[in-house]
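Right, one structure below, let's go through it.
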Amino acid sequence: MALSRIDTTNMIEDVPQSKIDNNINFRNLIINGSMDIAQRGTSQASITTSGYYTVDRWRTGVSNAGTWTQTQSTDVPTAQGFVNSTKLDCTTADASLGAGDIVYYTHRSEGQNLQYLKKGTSSAESLTLSFWVKSNKTGTYICELQDSDNGRTISKSYTIDSASTWEKKTITYSGDTTGAFDNDNARSLDLNFWLVAGTNYTSGTLQTSWGSQVDANRAVGNVNLADSTSNEWYITGVQLEAGQTASEFEFLPVDVNLQRCERYYQKTKTASGIGYGSGVGVNFIYKFPTLMRASPSVSLDGVLAVSDYVSANYTQSGANASINGTNVTNEGISISCASFSGLTNYRPYGLRQGFTNAINLDTEL
């Protein structure tokens, strides 16, 4: 029996363009825009300075503008597929801002991940930002793209219309024909959600087209989220993509999302090594499960304990044990731990930090 041929000439015309666009993998320039990965922890109180605190890849900028608690929250828009958001809660108010006072929530991207945007050429791509946001404080907020390679910015406003209600926002930024992003692993593009801004950042005219960075033009009209301890702000579903329209949020498998975050920050609770010297120290070699962006800085949380693989006991500990990170690369690290006692030379040992302590590996932008 002969098989009939299926005419596929016009089949593509029956598929909505939005469905085709949504099949482009990794179209979202934002890593962990769903706020699902939080290796550092799910809550941090008493925030008064800038840093990375809870949700991976998201940095909180703070300078002299109240005190904040940041939380990975389970308060999310209904029936949108999200399970986590970030919450910033003002716990000490600042109703009278100083000129340089700021609070903003930011994501930083490497230049080598941005080359297809063709920035600095006549073919520069527009960028469209979409996100879900919620706050008890209604009014105007500013969202800024900041080109740190060339000192250029563009800012657009959005409005929270209804108090304590999840709202979806979409903002489109024109392509920038001036200043290419550096093709390297360093910081190139910041996405800044402004929450508090003193007059150093609000006294000019909002810069809604790409131009040289002028601080006075960056956050004009932004509300002061620090003016009351009842104020809080939530965000999730952040997507930044090439083009002039927003596609549906790109949900990634949790292992893929974690691996992308581990390029910038990892923590480990275990490692293996060999006792050495006079029996007071151990050398450990730890190979990173994910290649990191650069050679990381190394820090220790808590007290180290050493497991003797022969006796299977966690008998050795050192309250003042230090970690000297030597031979650090973006692939792994050789860790020298001293201040122990009673170790046997050349015997295998395991490094253990306990359930809450860890070795932190940080190469954030």
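The values are calculated or read from the model by the stated rules, or taken from the named source; none is laboratory data. Only a predicted model underlies this, so the values are computations on that prediction, with no experimental measurement involved. Because the Cβ atoms are built from the backbone with ideal geometry, glycine has one as well, and the counts that use them run over all protein chains shown.
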> Taking T86, is it under 30 Å from V256 (Cα atoms) and either assigned to a strand (DSSP E or B) or at pLDDT below 95 (or both)?
Replying inline: yes
> Does segment 200-210 hold any residues that are over 24 Å from F131 (Cα atoms) and surrounded by fewer than 15 Cβ atoms within 10 Å (Cβ to Cβ), and which are they?
Replying inline: S203, T205
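Let's see how each residue does on (1) at pLDDT 95 or above; (2) touching an Asp or Glu at 6+ places or on another chain (Cβ under 8 Å); (3) not aliphatic (A, V, I, L, M):
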| position | (1), (2), (3) |
| --- | --- |
| R152 | yes, yes, yes |
| Y158 | yes, no, yes |
| A163 | yes, no, no |
| A186 | yes, yes, no |
>> For segment 109-145, give me each residue that is in contact with a Leu (Cβ under 8 Å, 6 or more places away or on another chain) and outside any strand (DSSP E or B).
In response: G111, N113, L114, L117, A124, E125, K137
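Scan segment 146-164 residue by residue and report those that are at negative phi, in a loop (DSSP other than H, G, I, E, B) and in contact with a strand residue (DSSP E or B) (Cβ under 7 Å, 6 or more places away or on another chain).
Those that are at negative phi, in a loop (DSSP other than H, G, I, E, B) and in contact with a strand residue (DSSP E or B) (Cβ under 7 Å, 6 or more places away or on another chain): S148, D149, D161.
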>> Where the second residue is of a type in the set (D, E, K, R) and part of a loop (DSSP other than H, G, I, E, B) and the first is without any contact (Cβ under 8 Å) to a residue 40 or more places away in the chain and lies in segment 197-222, which pairs have Cβ atoms under 7 Å and are six or more apart or on separate chains?
In response: none
> Between residues in segment 284-301 that are free of Cβ contacts under 8 Å to residues at least 40 places away in the same chain and residues that are assigned to a loop (DSSP other than H, G, I, E, B), which pairs lie under 8 Å by C-beta distance while being six or more apart or on different chains?
Replying inline: T290/R263
>> Of the residues S334, S317, only one is surrounded by fewer than 16 Cβ atoms within 10 Å (Cβ to Cβ), modelled with pLDDT of 70 or more and in a strand (DSSP E or B); which?
In response: S334
> Do the conditions hold for M35, that is, is it farther than 27 Å from G198 by Cα and modelled with pLDDT of 95 or more?
Replying inline: yes
>> Would you confirm whether or not segment 175-196 contains a residue that is within 21 Å of L365 (Cβ to Cβ), of a type outside the set (S, T, N, Q), without any contact (Cβ under 8 Å) to a residue 40 or more places away in the chain and surrounded by fewer than 20 Cβ atoms within 10 Å (Cβ to Cβ)?
In response: no
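Could you say which residue among T48, T121, T54, T74 is under 19 Å from the mean Cα position of the chain (by Cα) and closer than 26 Å to L189 by Cβ?
Testing whether each residue is under 19 Å from the mean Cα position of the chain (by Cα) and closer than 26 Å to L189 by Cβ leaves just T54.
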